[in-house]
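All remarks here apply to the structure that follows.
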Protein chains: 2
Amino acid sequence: MTLQKRAEVTRAAIIDGAAKAFEALGYGNTSLTDVAGHAEVTKGALYFHFKSKEDLAMAVIDEQHARVRMATQEILDRDLPALTAMVLMCREFGHQLCTDPVVQAGIRLTLEASAFGHAVRGPYEDWITVMEELVRTAQIQGDVRPELRASALARFIVASFTGVQMVSDVLTEREDVMERIEDMWAVLTAGVVPSERMANLGTLLSPPVLS
Amino acid sequence: MTLQKRAEVTRAAIIDGAAKAFEALGYGNTSLTDVAGHAEVTKGALYFHFKSKEDLAMAVIDEQHARVRMATQEILDRDLPALTAMVLMCREFGHQLCTDPVVQAGIRLTLEASAFGHAVRGPYEDWITVMEELVRTAQIQGDVRPELRASALARFIVASFTGVQMVSDVLTEREDVMERIEDMWAVLTAGVVPSERMANLGTLLSPPVLS
């Protein structure tokens, strides 16, 4: 392994370790010693890559966002109907929230940051931008009613997904999050899909769970 | 003023002061000296009423929840159609989030508590219970489609409201929260109100903003 490659591997291990430590202890209670322990690196290696705990938290948020964006891109690349892509993106994000410690910690840190007034706006804005584009395409494709304002609908989708995963976390530690995402889309599709397309919905999505 | 009455006034002043301090500084950065300063009481008076900062934070959350519940009860007492009551409850909560420092701080602390894994479940559960009852009544009144599962819909309404106010806080410091609540209900009503009742919606609600 080259030095460069080894540094990348160490950096990735530190981010994974930091994610586990933040998720287990919360940002406030996590020390850099905890992170070094979880990452199985020396504190020297840790300080070589990151200046401070805040630095580390931002790196976890960035990595989480990169992973969600990459999964999103894979869905967009499949050239599906836009409404299908919107639903799949939410399902995939839900799946990552259940299985990927970096995504779990990144979302927790994002929440915590906004709780303290250090709002992390970027991920919300990026996601709203992607959704808005998809809503416009879905309107052209006839799967979303043309009279709805795409910007407002995109923002509502992102906001309601945010709340759905959060309330699922509080009430069931995300055990029911996939089911709640289906409920969300059952209400949303009934609200935004033109009635003449509703019969066709089964081919766009799996059967809605709510009704 | 009796001693008892005076103690109540002091306790209320401390809760108001704590709300302002937590909202301005965040839970982690707030000291009991900050709270005493904001509340304009001595530290002795503070310790007479509250054992710790955590105690104070829980008192702010309880007081926030009591205020929201009181406003909810006033709406329920007006004996409106259930769907109207559901919309008014969200608007009233949005209004309190814009104007009442105790409600603002309570929601911030609730969020922060769940960010640290000390989930505050009670307020969510209470609100879902009230909403579920209203959904069932609205179904009997013909304003919500009878085939929807009331428990799932109630949970989605609470979750999406939670996300809507949160994302509005992150992106606009809640400047647009009232507008986003209207957008939310424009999508929800289109999704849950039977089509033959949609024409009647104007008499139940103010005109939807989204379409």
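For this structure, a couple of remarks:
- Scope the range B:175-185; condition surrounded by 19 or more Cβ atoms within 10 Å (Cβ to Cβ) and farther than 19 Å from B:Val130 by Cβ; matching residues: B:Val177, B:Arg180, B:Glu182, B:Asp183
- Screening the candidates A:Thr72, A:Thr129 for the property of being within 30 Å of A:Met198 (Cα to Cα) and touching a residue at least 40 places away in the same chain (Cβ under 8 Å) yields one hit, A:Thr72.
- Subset of the range A:169-206 (residues that are more than 10 Å from every other protein chain (Cβ to nearest Cβ), part of a loop (DSSP other than H, G, I, E, B), without any contact (Cβ under 8 Å) to a residue 60 or more places away in the chain and of a type in the set (D, E, K, R)): A:Glu175
- Any chance A:Thr30 is closer than 27 Å to A:Cys98 by Cβ and surrounded by 14 or more Cβ atoms within 10 Å (Cβ to Cβ): yes
- Within the range B:13-52, being touching a helix residue (DSSP H, G or I) at 6+ places or on another chain (Cβ under 6 Å) and of a type in the set (D, E, K, R) holds for B:Lys20, B:Glu23, B:Asp34, B:Lys43.
- Some residue of the range B:39-47 being in contact (Cβ under 8 Å) with a residue 60 or more places away in the chain and either in the same structural domain as B:Val167 (by TED's automatic domain parsing) or assigned to a helix (DSSP H, G or I) (or both): no
- For the range A:102-119, the count of residues that are more than 10 Å from every other protein chain (Cβ to nearest Cβ), at pLDDT 95 or above and closer than 20 Å to B:Phe156 by Cα is zero.
- Looking only at residues in the range A:141-155 that are aliphatic (A, V, I, L, M) and in contact (Cβ under 8 Å) with a residue 12 or more places away in the chain, the one that is surrounded by the fewest Cβ atoms within 10 Å (Cβ to Cβ) is A:Ala150.
- The condition of being in contact with a helix residue (DSSP H, G or I) (Cβ under 9 Å, 6 or more places away or on another chain), more than 9 Å from every other protein chain (Cβ to nearest Cβ) and either at pLDDT 95 or above or surrounded by 23 or more Cβ atoms within 10 Å (Cβ to Cβ) (or both) holds for only one of B:Val158, B:Val164, B:Val130, that being B:Val130.
- Qualifying residue in the range B:5-23 (condition: more than 18 Å from B:Val130 (Cα to Cα) and not in a helix (DSSP H, G or I)): no
The values are calculated or read from the model by the stated rules, or taken from the named source; none is laboratory data. Quantities reported herein were computed from a predicted structural model and do not represent experimental measurements. All Cβ positions, glycine included, derive from the backbone under ideal geometry; neighbour counts span all protein chains shown.
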